[in-house]
Amino acid sequence: MIFLLITVYHGYAAITSYPTEGDSVHYHIPIASFYLNGKIFHPPDKNAVTQWYPGTIEGILSLFLLLHIPLNLFNVLANVVLFFVLYAVGKQFRLDKNTSIIFAAAICTSNAVVRLLQA
């Protein structure tokens, strides 16, 4: 339940705000824009951010840009995916269903709790 509440909280914050993290604004988002413009292998500047080997993250962000999905939802999506991966890991370690959910929620919400304490 707490994981769901934190996900909704951060989802709302993601929809109503813009990316402000330095690496997102100066690195990931420009590379995602280069993906969409077809300039990923021919950046306008030889010292452009694309020299550091763009990857999957930028591909997902370019899809968000293409579909006009708020870019801050990327972190929420990543956290939800991490939850299900950790749930599967808990099941692999022979935890029962409820304990796997607690394990996944504890790991996924630890970052959110620390950020809320700093706010």
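Spelling out what I want: for every residue of segment 93-102, take phi, set θ = phi - 60°, compute 6.51 cos²θ - 1.76 cosθ + 1.60 (Karplus), and round to whole Hz; glycine and proline get x.
8, 6, 7, 6, 4, 5, 5, 5, 5, 5
Using θ = phi - 60° and the Karplus relation 6.51 cos²θ - 1.76 cosθ + 1.60, list the HN-Hα couplings for segment 79-90 in order, rounded to whole Hz, with x at every Gly or Pro.
Residue by residue, segment 79-90 yields 5, 5, 4, 4, 4, 5, 5, 5, 4, 5, 5, x Hz.
Laboratory data are not the source of any read-out in this text; all were calculated from the coordinates shown. Predicted, not measured: the structure shown is a model, and the values here were computed from it.
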